[in-house]
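Peer 1: Before I ask anything, here is the structure I am working with.
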Amino acid sequence: MKCTQCQMENIEGALFCEECGAKLESRQEFVEAADAAAPQLVLSTQDGSKLDIPAKDEIVIGREDPISDVFPDLDLTNYGGMEKGVSRKHAVLHRAGPDYTLEDMGSTNGTYVNKKRIQPHVPQAIKAGDEVRLGKLSLSVRAA
Amino acid sequence: MKNGLNVRCVMSKDALLRTENDQAVYAMVEITSGGRTGFGAAGANFALVLDRSGSMDGEKMDNLKEAVGYVVDHLSDRDVVSVVIFDDQVETLIPSQPAKNRDEIKNSIANVIARGGTQISDGLKAGLEEAKKGFAKDRVNRILLLTDGRTWDDEELCLRLAEEAGKQGIAVTSMGIGEEWNEKLLLQLAEKSGGDSHWIENPISILDVFRSEVEGLQAVSAINLRVTGRMNHGVKPVKVYTTVPMIADASAKWIRGGSLLADLGTLDGKKGQTLLVELHVPKQKAGKFRIGQIEATCDMPSEGITGQSAKSELVVDFTDDIAAATKVNAEVMNLVEKVSAFKLQTRALTEAEAGNIAAATQKLEAAATMLLNLGEQDLAETAEREILSLRKTGTLTALGTKKLEYGTRKLTHALK
């Protein structure tokens, strides 16, 4: 039975992943869930780099700044975040089962979904195929 | 006489789906004595091993003296007590003797002056000698070790002494005051001997911890508790955890091939004992399958009973009914989740110690999520703070480490 969070193979019947501690569904529940639900999403940059999204239900996206004690879950510094106007705490990606929403955290240069600026602090549903822009940094939303 | 010992086994799933491969199933084994307590009247053998190093001076030493006085006042004349004090030298202040001369014992303690360094093994060795002198099979035999500092270059010897004590039926209760002591060592001393460990944040709480030890002694309902698990052919016990007095992985100590043999020492009449056993079960035909049998045996000297025994069967149903096989028992699930949080935290600390910051962070993040699910807000926040510390400095804080180590081990206390 494969853990959906870290891909570790666990023995059938295990309740939690031995590697990352994520709750495991039995194969049957997992198969049924996979049939019914939308696939997991990943974010990738324009050059195709896949971003490493932590296995959490709330993922803060931004730029790391140790001086201000800001350590986002998804740090875009190495993807041109600074040059492209990504705020230190720019947006938060919420995950609820198969559903994802993106919420702007009051960023300076705004968050866009399919070229439309979203209102700060109002979560916006996103799905595979959408384009997300944080300031001037574009990210593609894809199925895992 | 009515059997005072009860064993209750609950499986994580009543039904398992028929598959081609081995699968995991968990058994929660609860051992209780029908609420019986009061065994303490039958006798205790307490060896107090106390740190009097220079750093104990002041509030710590004053509170310690008061706490020792409380213990002495609450032991009965039939109980046996000894007191060993140590810094980088050791002194047997009160050799093993009946706890009758209370004033004499308290006066000896009152004259102790804090001085010197910390050499725990010397104290533990002398304490074990005294505990052996007062040892009796029908007594609760215990060493209470208290320190506020790190010992130097004798950790291995300390662990060997704790193991020796455990084999002889003498449990070590280790207590650390403040922040400057080695929690890993103190927890291992308790685990190796089948004892408990306490973190005393504030010297004023020393008395509370000593009081809980005395109350725990009075709550002992049975001694020489042994749990035997005999498994059906092909069934493998792979992990076993105790949950009282704290969560501890006892797999290496108690799993012998396809069997389980656990010497638990005493049974607390109020808390009982709960074990979590992870089993791997081979493929089976449809129908009832007997995984194995759990048997507990103990003595209850206060009632004149030896060799008391109780048994319970581990049974599941192998089925093709998917709906039936996905039902998980909520009580067992909760216990597995608590043990998993403890495991994650332990692995995170091991990774951090080895300098694997990314792995330590990932484990702590997972532990924080699990602790939140369990409603353990404070512990989850501690884990979050330690994640920040790891990212900033590459290390964990002494305070946060102690909170996580002790907090996750005692998660099961809410069960009782």
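Peer 1: Criterion first (touching a helix residue (DSSP H, G or I) at 6+ places or on another chain (Cβ under 9 Å), of a type outside the set (Lys, Arg) and closer than 21 Å to B:Glu213 by Cα) does B:Thr147 satisfy it?
Peer 2: yes
Peer 1: A follow-up question, please. Taking the range B:384-396 as the region of interest, how many residues are in contact (Cβ under 8 Å) with a residue 12 or more places away in the chain and within 16 Å of B:Glu353 (Cβ to Cβ)? Can you show your working first?
Peer 2: Restricting attention to the range B:384-396, the residues satisfying the condition of being in contact (Cβ under 8 Å) with a residue 12 or more places away in the chain are B:384-387, B:390-391, B:394-396.
With the extra rule that they be within 16 Å of B:Glu353 (Cβ to Cβ), the set shrinks to B:386-387, B:390, B:394-396.
Residues that pass the stated criteria total 6.
Peer 1: Do you know which residues across the range B:179-208 are in contact with a Phe, Trp or Tyr (Cβ under 9 Å, 6 or more places away or on another chain) and within 19 Å of B:Ala67 (Cα to Cα)?
Peer 2: Selection gives B:Ser197, B:His198, B:Trp199, B:Leu207.
Peer 1: Here is a further query. Quick check on my filter: what residues within the range A:106-136 are over 21 Å from A:Val42 (Cβ atoms) and among the hydrophobic types (A, V, I, L, M, F, W, C)?
Peer 2: The answer is A:Val122, and nothing else.
Peer 1: Taking the criterion of being more than 11 Å from every other protein chain (Cβ to nearest Cβ) and not charged (D, E, K, R), would at least one residue in the range B:331-344 satisfy it?
Peer 2: no
Peer 1: Then there's this: Within the range B:249-264, can one find any residue that is modelled with pLDDT of 90 or more and within 14 Å of chain A (Cβ to nearest Cβ)?
Peer 2: Yes, the range B:249-264 contains a residue that is modelled with pLDDT of 90 or more and within 14 Å of chain A (Cβ to nearest Cβ).
Peer 1: Residues of the range B:226-243 being surrounded by fewer than 23 Cβ atoms within 10 Å (Cβ to Cβ) and under 19 Å from B:Asp299 (Cα atoms), which ones?
Peer 2: B:Arg226, B:Thr228
Peer 1: Looking only at the range B:20-34, count how many residues are within 14 Å of another protein chain (Cβ to nearest Cβ) and buried (at least 16 other Cβ atoms within 10 Å of the Cβ).
Peer 2: Qualifying residue count for the region: 7.
Peer 1: Return the pair list, or none, for Cβ contacts closer than 8 Å from residues in the range B:349-378 that are at the interface with chain A (Cβ under 9 Å from one of its Cβ atoms) to residues that are loosely packed, with under 14 Cβ neighbours inside 10 Å and in a loop (DSSP other than H, G, I, E, B), at least 6 apart or on different chains.
Peer 2: That search, which allows pairs on different chains as well, returns B:Thr369/A:Asp57.
Peer 1: Oh, and also: Counting only residues that are more than 14 Å from chain B (Cβ to nearest Cβ) and aliphatic (A, V, I, L, M), which one in the range A:50-95 is surrounded by the most Cβ atoms within 10 Å (Cβ to Cβ)?
Peer 2: Only one residue tops the list, namely A:Ile61.
Peer 1: Pull out all pairs, ordered by first then second residue, where Cβ-Cβ is under 9 Å, the residues are six or more apart or on different chains, the first lies in the range B:287-302 and is more than 17 Å from B:Thr274 (Cβ to Cβ), and the second is of a type in the set (Lys, Arg) and part of a strand (DSSP E or B).
Peer 2: Once the first residue is more than 17 Å from B:Thr274 (Cβ to Cβ) and sits in the range B:287-302, its partners that are of a type in the set (Lys, Arg) and part of a strand (DSSP E or B) give B:Gly292/B:Arg230; B:Gln293/B:Arg230; B:Gln293/B:Lys311; B:Thr297/B:Arg226.
Peer 1: Of the numbered conditions (1) free of Cβ contacts under 8 Å to residues at least 60 places away in the same chain; (2) under 22 Å from B:Lys184 (Cα atoms); (3) crowded, with 23+ Cβ neighbours inside 10 Å, B:Thr118 satisfies every one except a single condition; which is it?
Peer 2: Unmet condition: (1).
Peer 1: In the range A:96-144, what residues are aliphatic (A, V, I, L, M) and exposed (fewer than 15 other Cβ atoms within 10 Å of the Cβ)?
Peer 2: Selection gives A:Ala96, A:Val122, A:Ala125, A:Ala143, A:Ala144.
Peer 1: Does the range B:308-315 contain at least one residue that is more than 20 Å from B:Met28 (Cβ to Cβ), in contact (Cβ under 8 Å) with a residue 40 or more places away in the chain and within 10 Å of chain A (Cβ to nearest Cβ)?
Peer 2: There is no residue in the range B:308-315 that is more than 20 Å from B:Met28 (Cβ to Cβ), in contact (Cβ under 8 Å) with a residue 40 or more places away in the chain and within 10 Å of chain A (Cβ to nearest Cβ).
Peer 1: From the list B:Ala341, B:Ala286, exactly one residue is touching a helix residue (DSSP H, G or I) at 6+ places or on another chain (Cβ under 8 Å) and either of a type in the set (A, V, I, L, M, F, W, C) or surrounded by 22 or more Cβ atoms within 10 Å (Cβ to Cβ) (or both). Which is it?
Peer 2: B:Ala341
Peer 1: Can I ask one more? Just checking, how many residues over the range B:396-416 are under 28 Å from A:Asp75 (Cβ atoms), hydroxyl-bearing (Ser, Thr, Tyr) and assigned to a helix (DSSP H, G or I)?
Peer 2: Within the range B:396-416, residues that are under 28 Å from A:Asp75 (Cβ atoms), hydroxyl-bearing (Ser, Thr, Tyr) and assigned to a helix (DSSP H, G or I) number 1.
Peer 1: Would it be correct to say that B:Glu164 is surrounded by 15 or more Cβ atoms within 10 Å (Cβ to Cβ), out of contact with any strand residue (DSSP E or B) (no Cβ under 9 Å at 6 or more places or on another chain) and among the charged types (D, E, K, R)?
Peer 2: Against the criterion (surrounded by 15 or more Cβ atoms within 10 Å (Cβ to Cβ), out of contact with any strand residue (DSSP E or B) (no Cβ under 9 Å at 6 or more places or on another chain) and among the charged types (D, E, K, R)), B:Glu164 qualifies.
Peer 1: Answer yes if at least one residue in the range B:263-272 is surrounded by fewer than 19 Cβ atoms within 10 Å (Cβ to Cβ), part of a strand (DSSP E or B) and over 24 Å from the mean Cα position of the chain (by Cα), and no otherwise.
Peer 2: Within the range B:263-272, not a single residue is surrounded by fewer than 19 Cβ atoms within 10 Å (Cβ to Cβ), part of a strand (DSSP E or B) and over 24 Å from the mean Cα position of the chain (by Cα).
Peer 1: Quick one: B:Thr401 ticks every box in (1) of a type in the set (Val, Ile, Thr); (2) within 11 Å of chain A (Cβ to nearest Cβ); (3) in contact (Cβ under 8 Å) with a residue 60 or more places away in the chain bar one, so which box is it?
Peer 2: (2)
Peer 1: To continue, here is another question. Regarding A:Val141, is this residue in contact with a strand residue (DSSP E or B) (Cβ under 6 Å, 6 or more places away or on another chain) and under 20 Å from A:Asp52 (Cβ atoms)? Even if it seems obvious, please write down each step before you answer.
Peer 2: Numbers: in contact with a strand residue (DSSP E or B) (Cβ under 6 Å, 6 or more places away or on another chain): yes; under 20 Å from A:Asp52 (Cβ atoms): yes.
Spelling it out, A:Val141 is indeed in contact with a strand residue (DSSP E or B) (Cβ under 6 Å, 6 or more places away or on another chain) and under 20 Å from A:Asp52 (Cβ atoms).
The values are calculated or read from the model by the stated rules, or taken from the named source; none is laboratory data. If you're wondering where the values come from, they're calculated on a predicted model, not measured in any experiment. Cβ coordinates were reconstructed from backbone atoms using ideal geometry, including for glycine residues, and neighbour counts include every protein chain displayed.
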